[in-house]
């Protein structure tokens, strides 16, 4: 417990201590006077015992005095501004929405299209997050690239998601690395020997990856294997990657650059990425299923230590003590003090 003004605390406790000393001294003088009175003291005691009321009034008066002193001591603590530090859980941290905008996301096996459905759930997810969560957006084609840095301005992230259009190829590994770069604020890459860089530990960061799982990193020079990126970098950094599979296993054809290409949901790739990082895979074959994904993705809670003002509680306790002490004094003696 800490105090905003320790001087007031010391002053109040000194005053309460002085009153306590005065009460004890007065009690001793009264006891000494009664002892010196001899028979008279015994007669008074006997009479009080016979009647019951004088002794009871004296005890009640003393109790009232001590309760009043205790109330003043507690009040001195209250005026000093006591504050306790307590652990508080928050759904806070950083969330990166990595959205696949490759040509295959224009497929319409999920109405109205894979990308439109992914954008719909991404916007629902953004809307549901508290202000303590910073949200960033990474759109990825052949290599991930950052579209919006993590920020508490959720409107900015929503605007970026709304503007996304399909086109290009897909590298899931580079998308994860781009998401980690957005989290850490520096470029994250895999070493030429396949070694994972040490980017620190980010337990309150989460990547939510929306994709149909079509990965062309193997066909791209220098492309990063997604399993390697997820396992060696994200897992080491404590970052969970939740994957959202957009599309159907049956698949469909899509026109990409004048060619009709068959594309289907590759759930296995997305599942491996999620499992490697301790995240979860969320299958979705239509927009109605995607609507529920935003509610099923669990952000990890972080614990922060925040100050808790205690002055109100001490004031309430002081008022109870002072009121009780005054009531006993008035009832038994007819005086406030």
With the condition kept exactly as written, say whether any residue in the range 81-95 is buried (at least 18 other Cβ atoms within 10 Å of the Cβ), under 30 Å from residue 7 (Cβ atoms) and under 29 Å from the mean Cα position of the chain (by Cα). yes
Counting only strands (runs of 3 or more DSSP E) wholly inside the range 244-284, the ones holding at least 2 residues that are closer than 13 Å to residue 104 by Cβ and within 32 Å of the chain's Cα centre (by Cα) are none
Only one of 98, 73 is in a helix (DSSP H, G or I) and at pLDDT 85 or above, namely 73
All conditions in (1) farther than 27 Å from residue 148 by Cβ; (2) modelled with pLDDT of 90 or more; (3) assigned to a loop (DSSP other than H, G, I, E, B) are true of residue 221 except (2)
Please tell me if residue 127 is without any contact (Cβ under 8 Å) to a residue 24 or more places away in the chain, surrounded by fewer than 21 Cβ atoms within 10 Å (Cβ to Cβ) and either closer than 19 Å to residue 239 by Cβ or assigned by TED's automatic domain parsing to the domain that holds residue 261 (or both). no
**Condition met for residue 325 (assigned to a helix (DSSP H, G or I) and modelled with pLDDT of 85 or more)** = no
Picking from 136, 169, the residue that is buried (at least 19 other Cβ atoms within 10 Å of the Cβ) and under 22 Å from the mean Cα position of the chain (by Cα) would be 136
(1) in contact with a helix residue (DSSP H, G or I) (Cβ under 7 Å, 6 or more places away or on another chain); (2) in a helix (DSSP H, G or I) all hold for residue 178 apart from (1)
With the structure loaded, tell me whether residue 106 is touching a residue at least 40 places away in the same chain (Cβ under 8 Å), touching a helix residue (DSSP H, G or I) at 6+ places or on another chain (Cβ under 9 Å) and surrounded by 20 or more Cβ atoms within 10 Å (Cβ to Cβ) or whether it fails that test. no
Of the residues in the range 149-175, those that are at pLDDT below 90, in contact with a strand residue (DSSP E or B) (Cβ under 7 Å, 6 or more places away or on another chain) and part of a helix (DSSP H, G or I) come to 172, 174, 175
Residue pairs qualifying under the 9 Å Cβ cut-off, at least six apart or on distinct chains, with the first in the range 5-29 being touching a residue at least 60 places away in the same chain (Cβ under 8 Å) and in the same structural domain as residue 77 (by TED's automatic domain parsing) and the second being part of a helix (DSSP H, G or I) and loosely packed, with under 13 Cβ neighbours inside 10 Å, are none
Residue pairs within 8 Å by beta carbon, gap of at least six or interchain, first lying in the range 178-189 and closer than 9 Å to residue 96 by Cβ, second in a helix (DSSP H, G or I), listed first then second, are 180/233; 180/234
Conditions (1) out of contact with any helix residue (DSSP H, G or I) (no Cβ under 6 Å at 6 or more places or on another chain); (2) more than 24 Å from residue 266 (Cα to Cα) -> residue 136 fails only (1)
Across the range 181-207, the tally of residues that are touching a helix residue (DSSP H, G or I) at 6+ places or on another chain (Cβ under 7 Å) and closer than 21 Å to residue 161 by Cα stands at 2
Checking 48, 144 in turn, the sole residue that is buried (at least 20 other Cβ atoms within 10 Å of the Cβ) and modelled with pLDDT under 80 turns out to be 144
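The values are calculated or read from the model by the stated rules, or taken from the named source; none is laboratory data. Because the structure is a prediction, the values reported are computed rather than measured. Glycine also receives a Cβ, built like all others from the backbone with ideal geometry; neighbour counts cover every protein chain displayed.
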